[in-house]
Amino acid sequence: MSDAPKSDGWLAFQSRDFRFFFGSRFLSSLAAMMIDVGVGWMVYARTDSVFALGLVGLFAFMPNIVFMLAVGHTADRYDRRRVLLLCYGVNTLASLGLIWCATSPAIDVSVIYGMILLFGTARAFANPASQAILPMIIPREAFSNALAWNSSTWQVASISGPALTGLAYLGGAELVFILTTLFYIGCLVAIFAIKPRLAAAQREPVTWLTLTAGWRFIWSKPAILGSISVDLFAVLLGGATALLPVYAKEIFHIDALGLGILTCMPAVGALACTLVIARTGVGGRCGYKMFAAVAIFGLATIGFGLSTNVWVGGFFLIVAGAVDMVSVQIRQMLVQLETPDEMRGRVSAVNSIFIGASNELGAFESGAVAALTGPVAAVVLGGVGSIAIAGIWAKLFPELRDRDRLV
């Protein structure tokens with residue numbers, strides 16, 4: 001009896017190594033989300049300062065800039081499995097440090113920031129190694145399916161992480177970080193069990209040319225450059241999620257629980273889209289679909305900006321999350337499939353910086369414009385900007401626009 005219909009959607013899970021990798025990704029994503037939420041609550045409870053809360057994000061993102069040239073070179077120069085083991089080991093130690101901070105109220109908040117710096121540094125090195133190792137543990141014919149399932153881990157964590165953190169916080173902040181410590185130990189076990197089919201790492205001399213090779217490679221590939229940069233500017237301009245607390249309080253008139261549910265809506269849409277892509281693939285006319293997805297993202301952002309009802313606003317957030325995942329999937333496939341193995345770490349590092357910059361700077365841009373024009377105008381203008389970016393980039397990058405198949 002044939003099981004072909006089932007294997008299409010679950011093809012990647014036929015690989016033993018991918019099953020372990022998927023487990024590690026899910027546990028690390030869940031732990032990261034819980035730490036983001038748990039540390040935010042702990043810092044704000046101790047300082048009652050919005051500025052102190054903002055510093056948490058700054059310290060988490062800072063290592064991406066400080067080590068932006070080193071992280072990709074590390075993933076290409078050294079065994080990626082060992083890099084991941086080291087990163088998750090550091091995360092485990094930092095999570096233990098947060099248990100200490102949670103159980104010692106007299107500890108200065110600067111110690112918590114130090115733990116966040118450790119997490120940020122480990123994440124900065126883990127992201128390119130994690131992205132670069134995936135093609136080495138999965139057959140090429142299953143790669144698209146594996147990438148879709150891999151993307152689903154963060155979406156599920158974005159939905160379940162805040163809820164699990166809230167439940168654990170009822171037992172005290174230390175319970176949150178006890179759980180994250182256990183999750184990171186699980187990551188270590190799963191990564192240790194992987195036996196990647198990797199070629200020997202290229203021990204190139206550390207020079208300016210090798211450190212910047214990822215940037216130069218992306219610049220030489222219009223399809224990759226276009227896919228990364230269109231996502232960067234679309235999310236940078238259309239970062240409506242940064243203003244959700246304002247909408248919750250001033251426009252939708254909902255409480256903190258309602259805000260939490262609203263915050264999950266983009267992830268709900270993204271997860272639903274991921275499951276569809278895992279089953280059906282992206283299909284043809286990929287370039288057209290990517291630009292169309294960015295334009296629809298802009299329209300959904302405008303719809304949310306003009307919403308006065310929380311259910312209508314939630315619907316538009318789901319749509320925005322779903323179409324954003326379409327462009328994310330196409331971008332990741334292009335980056336992974338068109339990058340030679342010896343360059344994957346450095347190219348993935350640049351990709352991670354673009355993603356981080358769009359999210360962090362997008363939040364700043366939304367807040368700055370909202371301070372000048374008000375939240376509704378800021379969100380609507382951001383949506384209009386995303387639509388404009390889709391049109392302009394379609395003209396600037398015809399190689400990407402006319403791309404039919406990813407493989």
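Once Cα extents along the principal axes in Å is worked out from the coordinates, which option in (i) 74, 62, 42; (ii) 66, 64, 42; (iii) 56, 51, 46 does it equal?
Of the labelled values, this structure produces (iii).
Which helices, taking whole DSSP H runs in the chain, have alpha carbons extending 27 angstrom or more along the helix axis plus mean Kyte-Doolittle at least -0.5?
Within the chain the helices that satisfy the rule are 16-47, 80-102, 109-133, 143-169, 173-193, 256-280, 286-306, 310-337, 344-373, 375-396.
Restricting to Cα pairs below 8 Å that are 6+ residues apart, what does the relative contact order work out to for the range 1-210? Please round to a whole percent.
Answer for the range 1-210 is 43 percent.
Please give, to one decimal in nm, the separation of the simple spin-label points placed at TRP10 and LEU396, each 7 Å out from Cα toward the Cβ.
Result for the modelled spin labels: 4.4 nm.
Please give, to one decimal in nm, the separation of the simple spin-label points placed at VAL312 and GLU141, each 7 Å out from Cα toward the Cβ.
With each label point 7 Å from Cα toward Cβ, the separation is 5.0 nm.
Roughly how many nanometres apart are two label points built 7 Å out from the Cα toward the Cβ at GLU338 and LEU117?
Going by the 7 Å Cα→Cβ label model, 3.9 nm.
Values in this text are rule-based calculations from the coordinates and carry no lab data. Because the structure is predicted, anything quoted here is derived from the model rather than measured. Quick reminder, even Gly has a Cβ in these numbers, built from the backbone with ideal geometry, and neighbours come from all protein chains shown.
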